[in-house]
There are 2 protein chains.
Amino acid sequence: MASLKVPASVPPPYEDAEQLNKAFKGWGTNEGLIISILAHRNAAQRNLIRQVYAEAYGQDLLKDLDKELSSDFEALVSFVATMEKNCIDIEIANIFFSQILFKQRVVLLWTLDLAERDAYLANEATKRFTSSNWVLMEIACTRSSHDLFKARQAYHARYKKSLEEDVAYHTTGDFRKLLVPLVSAFRYEGEEVNTMLAKSEAKILHEKISDKAYSDDEIIRILTTRSKAQLNATLNHYNNSFGNAINKNLKEDADNEFLKLLRATIKCLTYPEKYFEKLLRLAIKKIGTDEWALTRVVTTRAEVDMERIKEEYHRRNSVTLDHDIAGEASGDYERMLLALIGHGDA
Amino acid sequence: MASLKVPASVPPPYEDAEQLNKAFKGWGTNEGLIISILAHRNAAQRNLIRQVYAEAYGQDLLKDLDKELSSDFEALVSFVATMEKNCIDIEIANIFFSQILFKQRVVLLWTLDLAERDAYLANEATKRFTSSNWVLMEIACTRSSHDLFKARQAYHARYKKSLEEDVAYHTTGDFRKLLVPLVSAFRYEGEEVNTMLAKSEAKILHEKISDKAYSDDEIIRILTTRSKAQLNATLNHYNNSFGNAINKNLKEDADNEFLKLLRATIKCLTYPEKYFEKLLRLAIKKIGTDEWALTRVVTTRAEVDMERIKEEYHRRNSVTLDHDIAGEASGDYERMLLALIGHGDA
């Protein structure tokens, strides 16, 4: 269930576009107004505003937003340049820099069309190897087959390459072996389950895991091609027949990065809300919050399953996500995040 | 260039549907009429006829065609059953059986929607291993990215599974390693070429081939993810830098089935008309023509590049394809094939 709150009566898109254009004009930028509009419009409405904005003002709304939200940034740069070089001041300036960056990123990611946003996040992830490749897995495993395909189309349009081409190029070995078929998949989405197959493939998975052949062709095949319903049945059989959930058996070596990715893949495919809860928990509890992950999860899930994720978060942490975000973020960044997770009224 | 000939003035679809329905009625079936209509309508027109037919007669045109074209078959079965068991007669009966089967198959394959047809052919291929897997490669490499994706969608709808799921399940080892990414690819289709990349990847290909590491991850990555334009540039660099076309260097072992498939893949990606010419040549010259391949190539290429394939065929065999098909096929089957390759008038 989505957390996004859209007001009962939404102004026509040309009015929203006009308000946004006004917010950009004059001295400084009226971030409060920008957030009050964009954080309460769904994807279709935002696309419409962007379209109407381009027609009325001959500019891409995203470009104008980017420019406006970074104007504080430029002011800060001039300010820092005039400052005496005092370590503490530089540190404070850095915090301000970051705050502007986070605010800018959350507004831009949110305003992007869904497919463009996934293409953008995936492209970023192909460039930063290691743990950021989880973003590729996350996109591949938690989007619908159709949405993943639309992201691949948007990737062509924006980067003049294919997503799988970049993923394959920037990865090697077991990581490539898992990630390329994950991002290339177009899984069947029906609820049909073949019980015989579930049993036989649960057995295959158990054999390979017992042999510690974690990147075996058969494990990769089953995880990357079967429908989520079929995979779920297979993993239930695994649990029933072998006495452990598969992820428990994949925990032998806590430092093995590939095993971690494999466990996360299985979690994304079967319990996405638990995967996202953990991601948020780690992002927030970390020394120096991981705003990159926080922003990504909030912007990509607000229209999908954020209510379930919040429920899971509350259960697991005994405090609400709203409470923790308010404690860790601040200013416009905090305001935007809270609006997207449905805090307060539309 | 397509070989299909559509008359200058095409009757409205309801008239075509009515004519077809008439052809099905009465004693026997009027195959000539069926061919004269269907073999001269393009994909969009055939889809429209099928739609109008369903509305007017409450039946799927394909089902009615199937029933009518196999009615001869049933008559033949009764006839054979009453015959005295004479070896020569059985042989003749077998020839008749085959002729009916071929005629039925060419009409049905042709009438199917493009995406459905590819899904159908691919599904057949997943069930018959070895050389028929070339059909999977052929579909993956000679369709546009968008058409391949539409075939994957049609596969979901018809088989309640994904194409890559079936391909992965029915293959192993090197064949799986090549075929799964081929059928899952959504290649970028722009003409942009990165020359530096072409050079470096030509070098990688040459190193791996020199080491006889034919199924190396890097060879698979390059062949299965790069755009056709980029791949072409890479293979040109290969030829220029190393003095041989890549397929020549992949010919060390003539009996290696995987090497054969690899060469065919490269041919399909860079010179599809040459690949199809050879397929037709072998199908026709074989003792006992390979009607399966002949029918597949004619029905799938008539609206795409059959004119180029015919040109290539003429050049390579010093006779026309029309001539050879007339020599090998007969009856309605021959008539249908010749119509599709543009022989005679619409």
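Each value in this text was obtained by applying a stated rule to the coordinates, not by laboratory testing. Computed from a prediction, not measured in an experiment: that's the story for all the values here. Heads up, the Cβs are rebuilt from the backbone with ideal geometry, glycines too, and the neighbour counts pull from every protein chain shown.
Points worth noting:
- For the range A:115-180, the alpha-carbon radius of gyration amounts to 0.99 times the rule-of-thumb value 2.2 N^0.38 Å expected for a compact globular protein.
- Relative contact order %, the range A:234-346, counting alpha carbon pairs below 8 Å whose residues are six or more apart: 17 percent
- Mean partner shielding of peptide A:184-194, defined as the number of other chain Cβ atoms within 10 Å of each residue Cβ, is 5.
- B from A by rotation - nearest chain A beta carbon to the axis, in Å: A:SER184, 2
- Span-like helix check, chain B: qualifying full DSSP H segments, with Cα axial length of 24 Å or more and mean Kyte-Doolittle of 0.0 or more, are B:87-111.
- Solvent-free Debye scattering, log10 I(q)/I(0), computed from the Cα coordinates of the range B:140-248 at q = 0.12, 0.17, 0.22 Å⁻¹: -0.48, -0.86, -1.18
- Proximal lysines relative to B:LYS228, as straight alpha-carbon distance under 16 Å, when same-chain residues fewer than 8 apart are discounted: A:LYS160, A:LYS161, B:LYS199, B:LYS267, B:LYS274
- For the peptide B:158-165, the mean number of other protein chain Cβ atoms found within 10 angstrom of a residue's Cβ is 6.
- Value of Rg to Rh for the protein assembly as shown, rounded to two decimals, is 1.04; Kirkwood radius and Rg both from alpha-carbon coordinates.
- Estimated FRET transfer efficiency (A:ALA44, B:ASN94; beta-carbon r; R0 56 Å; 0.05): 0.40
- Each copy carries A:ASN256; placing its label point 7 Å along the C-beta direction from Cα gives inter-copy distances of 3.2 nm, listed from smallest up.
- FRET E, pair B:THR172, A:LYS25, Förster distance 60 Å, beta-carbon r, rounded to 0.05: 0.40
- Shortest-first nm distances, A:GLY243 label point to equivalent points in other copies (7 Å, Cα→Cβ): 6.5
- Alpha carbon centroid spacing (whole Å) that separates the range A:136-211 from the range A:1-61: 35 Å
- Exposure proxy ranking for B:MET336, B:MET196, B:MET137, B:MET1, based on other Cβ atoms within 10 angstrom of each Cβ and starting from the fewest, stands as B:MET196, B:MET1, B:MET137, B:MET336.
- Computed from the C-beta positions of A:ASN256 and A:LYS286, the FRET efficiency with R₀ = 22 Å rounds to 0.55.
- Inter-copy spacing of B:TYR57 label points, which lie 7 Å from Cα along Cα→Cβ, given in nm from shortest upward: 6.0
- Computed log₁₀ I(q)/I(0) - Debye formula, equal Cα scatterers, no solvent, the range A:187-270, q 0.11, 0.25, 0.26 Å⁻¹: -0.26, -1.38, -1.49
- Of the residues A:ALA140, A:ALA302, A:ALA198, the one that moves most in a GNM of chain A with alpha-carbon contacts below 10 Å is A:ALA198.
- Relative intensity, log₁₀ I(q)/I(0), of chain A from a Debye sum that treats every alpha carbon as a point, q = 0.08 Å⁻¹: -0.44
- Note on A:GLU311 and A:SER9: the model spin-label points, each 7 Å out from Cα along the C-beta direction, lie 3.3 nm apart.
- For the range B:14-66, average projected area of the Cα convex hull in nm²: 3.3 nm²
- Take every Cα pair under 8 Å whose residues are at least 6 apart in sequence, average their separation, divide by the length of chain B, and the relative contact order is 22 percent.
- For the range A:272-340: span of alpha carbons on each principal axis (Å, largest first): 28, 25, 18
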